[in-house]
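Here is the structure we will look at, set down as structure tokens.
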Amino acid sequence: MRSLLQFLARNSFLFLFLALEVVSMTLIVNYNNFQRVKFLNSSNRISASIYKTTDDFTAYFKLRKENEELANENAKLRTKLQKLQVAEIFGSIDTTRKDTTYQFIPARVINNSTNKQYNYLTIDKGALDGIEPDMGIIGPKGVVGLVTNVTDHYSSGPSLLNKRWRVSAKIKKNAYFGSLSWDGTDYQYAQLNEIPFHVELAKGDTIITSGYSSIFPEGILLGVIDDFNHNSGANFYQIKIKLSSNFKTISNVELVKNKHIKEQEKLEILNNND
């Protein structure tokens with residue numbers, strides 16, 4: 001208490017000066033119309049600026065929450081769509097079936113690279129969320145990557161922009177299939193391999209997952225044909241694909257869980273050993 005009183009005593013002239021300044025400003029604003037208008041306009045501008053900054057800050061977090069809610073809803077709708085497709089195959093409209101092959105789990109990308117030869121993603125979901133190795137990763141516009149490493153709360157794996165990874169793909173209009181891979185150059189483009197030169201192609205043809213793997217269901221978008229050519233004497237086209245996913249802006253994704261993957265892989269191993 002004594003220290004406070006000493007501080008006030010040492011700075012009494014300063015506090016008196018500030019008090020007189022406030023009184024003077026109050027008198028000027030209250031008894032001079034021009035100064036009052038100027039003061040109110042200035043204070044309104046400052047208040048508006050503060051309100052806008054606060055509103056932008058709040059809207060940012062609100063938008064993030066809305067995006068997460070939208071991702072959850074998309075995952076539910078995709079799972080229901082898969083149930084409908086299974087019901088159609090079996091000639092039934094019973095959408096309460098629980099034995100569909102694929103389940104979709106919403107997640108968010110928290111780390112991602114695009115400028116390396118072997119690019120990886122990190123996802124904010126892990127083993128405690130039901131995530132396992134060999135689950136596919138898809139975004140709003142198609143295939144994104146593959147889960148290979150899982151901890152309790154996180155998972156990671158190669159993105160489509162990884163030279164070590166290939167995806168089984170096919171041309172939507174004629175079902176000819178091959179493998180899609182990245183050559184390590186441009187993050188917007190990949191190559192479709194093993195398509196025979198007698199197949200009819202056109203720029204803009206849609207490329208989708210073939211369904212011939214245990215990772216992705218059939219029909220997930222990969223991209224469109226940007227260019228193609230056939231070297232004399234070669235049996236296959238050289239096909240350049242414009243990827244549908246923009247890997248510079250990937251945020252909300254879905255993890256594709258094949259509930260029968262172990263059974264399928266076990267059977268395929270037996271076939272390979274024959």
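The values are calculated or read from the model by the stated rules, or taken from the named source; none is laboratory data. The shown structure was predicted, so the numbers you read here are calculated from the model rather than taken from an experiment. Surface areas here come from the heavy atoms of the whole protein model, side chains and all, with no ligands, DNA or RNA. Shrake-Rupley method; radii C 1.70, N 1.55, O 1.52, S 1.80 Å.
Would you kindly give the portion of the calculated P(r) for the range 203-274 that falls above 21 Å, as a percent of all Cα pairs? Cα-Cα pairs in the range 203-274 separated by more than 21 Å: 51 percent. In this structure the amide hydrogen of residue 154, modeled in the peptide plane, comes within under 5 Å of the amide hydrogens of 126, 127, none closer than 5 places in sequence on its chain. Multiplying the residue separation of residue 188 and residue 152 by 0.36 nm and removing their Cα-Cα distance gives an extension gain of 9.7 nm.
Database remark: amide H of residue 113 closer than 5 angstrom to the amide H of 120 (H placed geometrically; neighbours at sequence offset of 5 or more, or on other chains; Pro and chain starts carry no H). For residue 189, the residues 5 or more places off, or on other chains, whose built amide H falls under 5 Å of its own are 243.
Accessible surface area normalised per residue over the range 118-229 is 44 Å², counting heavy atoms of protein chains with a 1.4 Å rolling probe.
Among the protein heavy atoms of the range 107-185, carbon and sulfur supply 48% of the accessible surface, probe 1.4 Å, non-protein parts ignored.
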